[in-house]
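Let me begin by presenting the structure, written as structure tokens, before commenting on it.
The values are calculated or read from the model by the stated rules, or taken from the named source; none is laboratory data. This one's a predicted model, so the numbers in the text were calculated from it and none came from an experiment. Cβ: placed from backbone, ideal geometry, glycine included. Neighbour counts: every protein chain shown. Each accessible area value is taken on the protein alone, full model and side chains, heavy atoms only, with ligands, DNA and RNA left out. Shrake-Rupley method; radii C 1.70, N 1.55, O 1.52, S 1.80 Å.
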Amino acid sequence: MCNPSFITKVIKIDPENINNQDLREAVIILQNEGIVAFPTETVYGLGASAFSEKAIKKIFRAKGRPLDNPLIVHIDSMEMLESIVLEVPKNVRSLCEEFWPGPLTILFQKNSKIPDCVTAGLPTVAIRMPSNLIAQRLIHLSGLPLAAPSANISGKPSPTSPSHVKDDFDGKIPLIIDGGQCQVGVESTVINVNSIPPLILRPGGLDYEELRKFILDLKIYDKHYKNKDLEKHPSTPGLKYRHYSPTARVILIEQNQQNMQSIIFEILNSFTQNMNEIGYIHTNPEIVLEALYLEKLGDNLIDLTKKTLKTIVIQKEIYANVAHKIFWALRMLDSKKVKYIIVEGISEQYSGLAVMNRLRKAAWKIIKK
Ligand code: TXA
Ligand code: MG
């Protein structure tokens with residue numbers, strides 16, 4: 001079947017001063033079963049009415065997304081939530097009150113208003129209330145819950161700016177709402193509170209440390225807990241498919257390696273002698289790169305510790321800064337056409353957990369001790 005081609009329109013909106021009229025075109029597209037890219041606080045989403053099978057199919061087609069990978073539904077109120085799920089258990093309601101709007105996605109039992117294609121046939125639907133004001137207004141004005149995966153071609157790094165969305169979908173979707181850079185930079189945390197034990201299925205913008213204060217027995221899938229059945233019928237994000245990968249080959253150096261300089265040297269010798277082919281993402285302020293490498297890497301060095309060294313002293317904020325920029329850095333180095341991207345791993349604390357989850361999935365090679 002031939003893909004429809006569009007002139008992709010970009011509408012810039014100031015989140016501090018949203019004019020409903022500026023969102024009119026997007027609302028009309030959504031109400032007529034079309035798709036629109038919009039900003040959220042985590043990453044950009046590719047949205048469509050969660051009630052329309054026809055619209056949902058357009059999302060899967062545009063992204064090249066496997067049909068067995070379910071979507072997240074975005075809502076703007078507890079009333080909207082109640083209208084699409086069988087029940088809101090009491091313990092879950094208090095979590096919603098604490099963390100919504102924000103980067104937390106919770107699984108619910110869906111009702112029949114949500115078509116099976118949204119959840120890939122699962123009885124549960126993943127739902128979140130975004131804090132981004134443009135996203136909230138878009139949902140409110142269209143009067144629709146919006147199913148929205150990250151607005152990237154399947155397998156690519158998630159988009160944290162409107163230009164990333166354009167790179168992937170120019171000519172393939174009718175409209176991108178430009179709300180500037182995303183604040184969080186990695187996707188929402190996906191949890192299942194009703195499993196035993198309650199699980200983080202995908203670490204993300206809301207930290208495990210924060211959630212554990214409210215769910216005492218919370219475990220992280222794949223770190224504290226694994227279940228063979230889940231692996232057989234993967235509903236757990238990212239178990240089955242390649243994710244977050246730029247075109248360049250990502251070489252992840254796990255944390256706590258003794259001799260970074262010799263590792264870099266080894267990589268250079270075994271994969272390429274040509275420094276122009278190497279991009280480098282520096283995440284750890286404690287690693288001091290030799291002047292020789294700094295000079296040779298030139299613009300291909302992305303230093304995510306720069307801001308942190310000057311202004312940030314709290315560990316948590318150092319990790320949040322890396323999370324904020326990691327997808328941007330992968331896409332930036334890809335645009336420089338490097339062949340390899342070397343990236344330093346960080347500790348799995350706070351946002352470091354989500355960053356390492358994404359990097360391990362993006363990696364072509366992981367260098368461990
Ligand atoms: O921050 C985010 O979550 C972004 C923004 C746009 O909201 N969205 C996002 O969507 O990351 P996506 O499709 O890229 O990732 C959603 C993940 C998928 O890996 C999927 O497997 C999981 O959520 N998911 C969705 N429904 C699920 C369900 N019923 N059970 C288990 N996992 C589910
Ligand atoms: Mg995604």
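With just the Cα atoms defining each centre, how far is region 253-283 from region 166-231? Give it in Å. Centre-to-centre (Cα) distance: 30 Å. Of all DSSP beta bridges confined to the chain, the antiparallel ones make up roughly 35%. Calculated accessible area for region 60-119 comes out at 43 Å² per residue, all protein chains present (probe 1.4 Å; ligands, DNA, RNA ignored).
Taking S245, S94, S77 as the candidate residues, the one with maximal mean-square fluctuation in a Gaussian network model of the chain, Cα springs under 10 Å, is S94. For the set K339/K365; K57/K219; K156/K223; K219/K316; K58/K172; K223/K361, the pairs lying more than 22 angstrom apart at their alpha carbons are K57/K219; K156/K223. Taking every C-alpha pair closer than 8 Å and separated by at least 6 residues, the mean separation divided by the residue count of the chain gives a relative contact order of 19 percent.
Under a 5 Å amide H cut-off, with hydrogens placed 1.01 Å from N, A151 pairs with Y44, G45, L46 among residues at least 5 apart or on other chains.
Within the shell defined by Cβ-Cβ distances under 11 Å, the residues around T40 carry a net charge of -1, with Lys and Arg each +1 and Asp and Glu each -1. In this view, the solvent-accessible surface of H140, computed with a 1.4 Å probe and all protein chains in place, comes to about 120 Å². Annotation: K219 carries an accessible surface of approximately 70 Å², with a 1.4 Å probe and no ligand, DNA or RNA atoms counted. For region 286-294, the Karplus equation 6.51 cos²θ - 1.76 cosθ + 1.60, evaluated at θ = phi - 60°, returns couplings of 7, 8, 9, 7, 4, 3, 4, 5, 4 Hz by residue, with Gly and Pro reported as x. If you run the Gaussian network model on the chain, springs between alpha carbon atoms under 10 Å, then out of D229, D207, D178 the most flexible one is D229. Please work out whether region 22-138 counts as rounded, prolate or oblate from its C-alpha gyration tensor, where a ≥ b ≥ c are the square roots of the eigenvalues and a/c under 1.5 means rounded, while otherwise a/b larger than b/c means prolate and anything else oblate? It is oblate, given that a/c is not under 1.5 and a/b is not larger than b/c.
Given springs between every Cα pair under 10 Å in a Gaussian network model of the chain, which of A120, A26, A135 has the largest fluctuation? Among A120, A26, A135, the largest mean-square fluctuation in the Gaussian network model of the chain belongs to A120.
Once backbone amide H atoms are built at 1.01 Å from N, K156 has Y244, S245 as its partners under 5 Å, excluding neighbours fewer than 5 places away on the same chain.
The apolar share of the surface of region 249-367, taken as the fraction of accessible area on carbon and sulfur atoms (1.4 Å probe, ligands and nucleic acids excluded), comes to 50 percent. So which aspartates and glutamates pass the test for K113, namely a Cα distance under 13 Å, with those fewer than 8 places away in the same chain ruled out? Counting by Cα, and skipping residues close in sequence, K113 has these aspartates and glutamates nearby: E53, E82. Our helix-only sum for the chain, with -39,500 (n - 2.57) per DSSP H run of n ≥ 4 divided by its residues, gives a mean residue ellipticity at 222 nm of -9000 deg cm²/dmol.
Of all stretches in the chain that contain no GluC sites (Glu not before Pro) in a DSSP loop with at most 10 other Cβ atoms within 10 Å, the longest one is 17-285. For region 200-216, the Karplus equation 6.51 cos²θ - 1.76 cosθ + 1.60, evaluated at θ = phi - 60°, returns couplings of 7, 7, 9, x, x, x, 9, 5, 3, 4, 6, 5, 5, 5, 9, 10, 5 Hz by residue, with Gly and Pro reported as x. Shown in residue order for region 64-76 are the 3J(HN,Hα) couplings computed by the Karplus curve 6.51 cos²θ - 1.76 cosθ + 1.60 at θ = phi - 60°: x, 8, x, 5, 8, 10, x, 9, 8, 9, 9, 10, 10 Hz (x for Gly and Pro). One quarter of the surface of the convex hull around the alpha-carbon atoms of region 9-232 equals 11.5 nm², the direction-averaged projected area. The amide H of T105, built 1.01 Å from its N in the peptide plane, has T189, V190, I191 as neighbours under 5 Å, considering only residues 5 or more places off or on other chains.
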